[in-house]
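Taking it in order: structure first as structure tokens, then the write-up.
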Amino acid sequence: MTARLRAVFLDVGNTLVRDTGFAQKLAEKLSNALYRVAGLRVDQESLLKVWVELDAWTQGDVELWDLARVMLLARRLGLTPSARLAELLYAAVVEAYMEGFEVEPAAPRVLRELKEMGLRLGLLTNVGSYDVVKLRMQKAGVFDYLDVVVASQAFSWRKPSKKIFEAACFLAGVEPEEALHAGDDPQADIAGAKAAGLRAVQVLKYAAERSPLADAWIYSIEELPDVVRAIMSS
């Protein structure tokens, strides 16, 4: 017998929010901060290249906090990452995230409907800054709908690590088979959720490819409440 659904987790990037020019905003704000604080001029293309190269500091499913990333960035540019410089660069990254992504228009309604179904509701996201998630959800007016926010920066593990899905379920007080995860990424969201024992719904609007592992597929999160209702009534 299939376990009763008691919790729904949602991915953030390309699921609840969409990219509206993050890379450009990031390059602009880091470039401005470096010149203002250190007098260093770096072209934006080079900054983005170094930013991506810093992924080499992560291993497997381990997250790199954006504060640590900007310190490594400064060092790669020949600067000593003083506390003041690191804080200002980190603030620039947070600003870039806030300005370079927008919440999907349907998100507030979707989260409200899911909450009204009596479900425990959470976010489960790979992100280098919990602050970004909190500020974005507060700005959208949906933060109070959330029972748990599981950001990889806070837990160190990234999806598709089984550990971060297990942590989300533990915090929500449910077993994996009582939870559903909705997201776009075939590996991080769908394969990760299924390997951890959760049901998985793939959101295809910004997905790179369709996953054969998903329990259901939807174009956008607008369709998620109907899919959840169908699962709960089956």
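Quick check on my filter: what residues within the stretch 194-214 are touching a Leu at 6+ places or on another chain (Cβ under 8 Å) and without any contact (Cβ under 8 Å) to a residue 60 or more places away in the chain?
Listed by number, the residues that qualify are Lys194, Ala200, Val201, Arg210.
Picking from Ala151, Ala140, which residue would you name as being surrounded by fewer than 21 Cβ atoms within 10 Å (Cβ to Cβ) and not charged (D, E, K, R)?
Just one listed residue meets the conditions, Ala140.
Within the stretch 165-179, identify whether any single residue is crowded, with 16+ Cβ neighbours inside 10 Å and under 14 Å from the mean Cα position of the chain (by Cα), and answer yes or no.
Within the stretch 165-179, one or more residues are crowded, with 16+ Cβ neighbours inside 10 Å and under 14 Å from the mean Cα position of the chain (by Cα).
Mind checking whether some residue in the stretch 204-211 is within 13 Å of Val8 (Cβ to Cβ) and surrounded by fewer than 23 Cβ atoms within 10 Å (Cβ to Cβ)?
No, the stretch 204-211 contains no residue that is within 13 Å of Val8 (Cβ to Cβ) and surrounded by fewer than 23 Cβ atoms within 10 Å (Cβ to Cβ).
Taking the condition out of contact with any strand residue (DSSP E or B) (no Cβ under 8 Å at 6 or more places or on another chain), in the same structural domain as Ile221 (by TED's automatic domain parsing) and either among the β-branched types (Val, Ile, Thr) or at pLDDT below 95 (or both), does Gly128 pass?
Values: out of contact with any strand residue (DSSP E or B) (no Cβ under 8 Å at 6 or more places or on another chain): yes; in the same structural domain as Ile221 (by TED's automatic domain parsing): yes; either among the β-branched types (Val, Ile, Thr) or at pLDDT below 95 (or both): yes.
Considered against the rule, which asks whether it is out of contact with any strand residue (DSSP E or B) (no Cβ under 8 Å at 6 or more places or on another chain), in the same structural domain as Ile221 (by TED's automatic domain parsing) and either among the β-branched types (Val, Ile, Thr) or at pLDDT below 95 (or both), Gly128 comes out as yes.
Identify, from the list Ala214, Ala200, the residue that is buried (at least 16 other Cβ atoms within 10 Å of the Cβ) and not in a loop (DSSP other than H, G, I, E, B).
Working: Ala214 fails: not in a loop (DSSP other than H, G, I, E, B).
After ruling out the rest, the residue left standing is Ala200.
For a quick check of your reading of the model, give me the residue pairs whose first member lies in the stretch 41-60 and is closer than 12 Å to Leu77 by Cβ, whose second is among the aromatic types (Phe, Trp, Tyr), with beta-carbon atoms closer than 8 Å and at least 6 apart or on different chains.
Arg41/Tyr35
On the basis of being at pLDDT 95 or above and surrounded by 22 or more Cβ atoms within 10 Å (Cβ to Cβ), does Ala195 make the cut?
Spelling it out, it is not the case that Ala195 is at pLDDT 95 or above and surrounded by 22 or more Cβ atoms within 10 Å (Cβ to Cβ).
Taking only pairs six or more apart or across chains, which ones have beta-carbon atoms under 8 Å, a first residue in the stretch 90-119 that is outside any helix (DSSP H, G or I), and a second residue that is buried (at least 20 other Cβ atoms within 10 Å of the Cβ) and of a type in the set (D, E, K, R)?
Close Cβ pairs (under 8 Å, with a partner that is buried (at least 20 other Cβ atoms within 10 Å of the Cβ) and of a type in the set (D, E, K, R)) amount to Phe101/Arg136; Val103/Arg136.
So, in the stretch 10-25, how many residues would count as being hydrophobic (A, V, I, L, M, F, W, C), assigned to a loop (DSSP other than H, G, I, E, B) and surrounded by fewer than 19 Cβ atoms within 10 Å (Cβ to Cβ)?
Selection size over the stretch 10-25: 0.
Cβ contacts < 7 Å: first residue over 12 Å from Leu124 (Cβ atoms), restricted to the stretch 134-151; second residue aliphatic (A, V, I, L, M) and part of a loop (DSSP other than H, G, I, E, B), any location; separation 6+ or different chain. Result?
The qualifying pairs are Met137/Leu146.
Search the stretch 126-163 for residues being of a type in the set (Asp, Glu) and part of a helix (DSSP H, G or I), and hand back the single one that is farthest from Ala107 (Cα to Cα).
Only one residue fits best here, namely Asp131.
If only one of Glu87, Glu95, Glu28, Glu63 is surrounded by fewer than 16 Cβ atoms within 10 Å (Cβ to Cβ) and either modelled with pLDDT under 95 or not small (Gly, Ala, Ser) (or both), which one is it?
Only one candidate qualifies: Glu87.
The values are calculated or read from the model by the stated rules, or taken from the named source; none is laboratory data. Bear in mind the structure is a predicted one, so any value in this text is a computation, not a measurement. We place every Cβ from the backbone using ideal geometry, glycine too, and count neighbours over all the protein chains shown.
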